[in-house]
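A short worksheet on the structure shown next.
The values are calculated or read from the model by the stated rules, or taken from the named source; none is laboratory data. Keep in mind the model is a prediction, meaning the values are calculated, not measured. Every residue, glycine among them, receives a Cβ derived from its backbone with ideal geometry; neighbour counts consider all protein chains shown. Just the protein is used for accessible areas: all its heavy atoms, side chains included, with ligands, DNA and RNA removed. Shrake-Rupley method; radii C 1.70, N 1.55, O 1.52, S 1.80 Å.
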Amino acid sequence: MNRFIRGFLFCTIFALGLAPVLGFAQKGTVILSTTTSTQDSGLLDVLIPMFEKQSGYTVKTVSVGTGQALVLAAKGDADVALVHAPSLEKKYVADGKLLNRRLVMYNDFVIIGPKDDPARIRLSKGAVEALKAIARAKAAFVSRGDNSGTHNLEKSLWKSTGIVPRGGWYIESGQGMGATLRIANERNAYTITDRGTYLALEKSLTLPVLVEGDRTLLNIYSVLEVNPANGSRINSAGGKAFADFMIAPQTQSVIGKFGVEKFGQPLFVPVAGKKEDQLGV
């Protein structure tokens, strides 16, 4: 079959709307459902071209809150998920929607806020005490409010305080980490952020880190494959290839060095092959 005939058949297939049926639309594409923090930190800008070059796949990234990222994967609208909400992830694995959860890296969350620190959270013993102080002072606090990994961490901390945050001082952005940081900065408010996104945007912010180093602020990222039963369009081979790539030694080395040149410290700590109780933090 000469090139003219092949080209004619290819155009005819698309004209008749048969491309999805024959797999042309999806072939070679991996849909990654991930959290905004991996996107906002700049890490994916480094890793995705590496994966595409090594594997031959093209990656389409859907960057949303972790809760939504997991929902998309469970519905069959993604091939692989890179997220950071361990309790939610384990539920999806238990339900059979996601498979083969593996740790990739961690960093930590920090609480940032106004330089003059009206709630005096610098004096707090940890994150829970800091939120209690913010609530007592009714100091402006911006929550992501989007069921993301960051929001789930925040909700668990509020639960530990015994306080249900409400009122004019408690603001829900309903947006990703980068946008939430910008809103907090504009309002000179407190917020919780992952350290990676904070460092990536620090030059545009006036809010310093006020609380850090609490083990409750540990931020663990995992990669999960999607159960092929979730949908007929799932690229299981591509999803597994990306998941394997994320825990491969070369990738882990790149993760461990990411941010050092620009920020003087790595934004993430690679932990492939480890379990949560083995993390020395």
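Leaving out same-chain residues fewer than 8 places away, which lysines sit with a Cα under 21 Å from that of Lys262?
Candidates past the 8-residue exclusion: Lys203.
Relative contact order for the chain: what is it in percent, counting Cα pairs under 8 Å that are at least 6 residues apart? Don't jump to the answer; show the numbers that get you there.
On the way: 521 pairs, mean separation 75.4, N = 281.
Reported relative contact order: 27 percent.
Keeping to pairs on different chains or 8 or more places apart, tell me how many lysine pairs in the range 70-153 have Cα atoms under 21 Å apart.
Lysine pair count for the range 70-153: 7.
Calculate how large, on average over all directions, the projected area of the Cα convex hull of the range 183-281 is; give the answer in nm² to one decimal. Don't jump to the answer; show the numbers that get you there.
Values: hull surface 36.8 nm².
The Cα convex hull of the range 183-281, projected and averaged over all directions, gives 9.2 nm².
Hey, rough spin-label estimate for Ser156 and Ala237, points 7 angstrom out along Cα→Cβ, what's it come to in nanometres?
3.8
Once Lys and Arg get +1 and Asp and Glu get -1 on their Cβ, which of Ala94, Ile171, Leu82 lies farthest toward the positive end of the dipole of the chain?
Farthest towards the positive end: Ala94.
Would you mind putting 199-211, 30-42, 161-173, 119-131 in packing order, based on average other-beta-carbon counts within 10 Å, highest first?
Values: 199-211: 16.4, 30-42: 25.5, 161-173: 13.7, 119-131: 18.6.
With the highest mean Cβ count within 10 Å placed first, the list reads 30-42, 119-131, 199-211, 161-173.
Using only the Cα atoms of the range 219-266, build the gyration tensor, take square roots of its eigenvalues as a ≥ b ≥ c, and label the shape rounded, prolate or oblate: rounded if a/c is under 1.5, else prolate if a/b is larger than b/c, else oblate.
Verdict is prolate for the range 219-266.
Give, rounded to the nearest 20 debye, the magnitude of the charge dipole that the chain has about its Cα centre when Lys and Arg contribute +1 at Cβ and Asp and Glu contribute -1 at Cβ.
On the way: 33 positive and 24 negative charges, 50 e Å.
The dipole of the chain has a size of about 240 debye.
For the range 92-233, with the dipole built from +1 on Lys and Arg beta-carbon atoms and -1 on Asp and Glu ones, taken about the Cα centre, which of Asn185, Leu224, Ala139 lies farthest toward the positive end?
So the residue we want is Ala139.
Considering amide H positions built from the backbone, and no H for Pro or chain starts, which residues 5 or more places from Val269, or on another chain, come under 5 Å of its amide H?
Tyr106, Asn107
Return the equivalent ellipsoid semi-axes of the range 136-189 as a descending list in whole Å, where each equals the square root of 5 times an eigenvalue of the C-alpha gyration tensor.
On the way: eigenvalues 60, 45, 12 Å².
Taking √(5λ) for each eigenvalue gives 17, 15, 8 Å, largest first.
Indicate the gyration tensor shape class of the chain (rounded, prolate or oblate), computed on the Cα atoms with a ≥ b ≥ c the square roots of the eigenvalues: a/c under 1.5 is rounded; otherwise a/b larger than b/c is prolate and the rest oblate. Present the calculation step by step, with values, prior to reporting the outcome.
On the way: a/c = 2.15, a/b = 2.03, b/c = 1.06.
Because a/c hits 1.5 or more and a/b exceeds b/c, the chain counts as prolate.
Per residue, how big is the convex hull around the C-alpha atoms of the range 23-161? Give it to me in cubic angstrom, could you? If you can, show how the numbers build up before the last one.
On the way: hull volume 18.6 nm³, N = 139.
For the range 23-161, the hull spanned by Cα atoms encloses 134 Å³ per residue.
Expressed in nm to one decimal, what extension gain is obtained for the pair Lys257 and Arg166 from 0.36 nm per residue of sequence separation less their Cα-Cα distance?
Details: separation 91, 0.36 × 91 = 32.76 nm, distance 4.05 nm.
This chain segment gains 28.7 nm when fully extended.
Accessible area per residue of the range 189-281 at 1.4 Å probe, in Å²?
46
Let me check I've understood the local charge: for Ala139, count other residues with C-beta under 11 angstrom from its C-beta, Lys and Arg +1, Asp and Glu -1. What total comes out? Present the calculation step by step, with values, prior to reporting the outcome.
Working: positive: Arg120, Arg136, Lys138, Arg187; negative: Asp116, Asp117.
Local charge sum for Ala139: +2.
Using a 1.4 angstrom probe on heavy atoms only, work out the carbon and sulfur share of the accessible area of the chain in %. Before the final figure, lay out the partial values.
Numbers: 7280 of 13490 Å².
Carbon-and-sulfur percentage of accessible area, whole number: 54.
Net charge near Thr206: determine it from the other residues with C-beta under 12 Å of the C-beta of Thr206, scoring Lys and Arg +1 and Asp and Glu -1. Could the numbers behind the result be given before it?
Details: positive: Lys115, Arg182, Arg187, Lys203; negative: Asp116, Glu186, Glu202.
That works out to +1.
State the antiparallel share, in %, of DSSP beta bridges confined to the chain, rounding to the nearest 5.
Details: 20 of 35 bridges.
Here the antiparallel bridges make up roughly 55 percent for the chain.
What area, in nm² and to one decimal, does the C-alpha convex hull of the range 107-227 cast on average over all directions? Show your work: numbers first, answer last.
Values: hull surface 31.0 nm².
Mean orientational projected area (the range 107-227, Cα hull): 7.8 nm².
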